[in-house]
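Values in this text are rule-based calculations from the coordinates and carry no lab data. Quick caveat, the model's predicted, so the values are computed rather than measured. Using ideal geometry, Cβ is built from the backbone for each residue, glycine included, and neighbour counts are taken over all protein chains shown.
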Amino acid sequence: MAQALRPNTVGGLFATDGKPHVLQDTLLAVTLVLGITALVSSAFHSLHLLSSWAGLVGIVTGAYGQWISETTRERFGLILGLGASALGFYLGMAHGGLFGGLF
């Protein structure tokens, strides 16, 4: 009777309910990629345009992903991506901002 107490984890990595979540998984991947890009590029002062724009877009996609996410695994990855995006965005803003002195 041990199998009756064990949850069924067959399915996708991020879909714990057994249903496909294509949009949510895509938003998760985009948010993570933008967050990593923003965080890494914020370490270089001359890349403030890349880090600030990637961070801003990552924050927006992560917020929308949080709004429509359905599983805990999706939310966990989105929070990691949102944190990296926000940190990259803030450091990019401190180094020169979204427009880099054009306005």
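Summary table
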{"quantity": "Note, ³J(HN,Hα) from phi for the stretch 81-96, Karplus 6.51, -1.76, 1.60, rounded to Hz, x at Gly and Pro", "calculated": "x, 5, x, 5, 5, 5, 5, x, 4, 5, 5, x, 5, 5, 8, x"}
{"quantity": "Computed E for PHE103/LEU80 - FRET, C-beta separation, R0 30 angstrom, nearest 0.05", "calculated": "0.40"}
{"quantity": "Length added when fully stretched, SER46-ILE68, from 0.36 nm per residue minus Cα-Cα", "calculated": "4.4 nm"}
{"quantity": "Per-bin percent of Cα-Cα distances, the stretch 28-103 [5 Å]", "calculated": "3, 23, 28, 19, 12, 8, 4, 1, 0"}
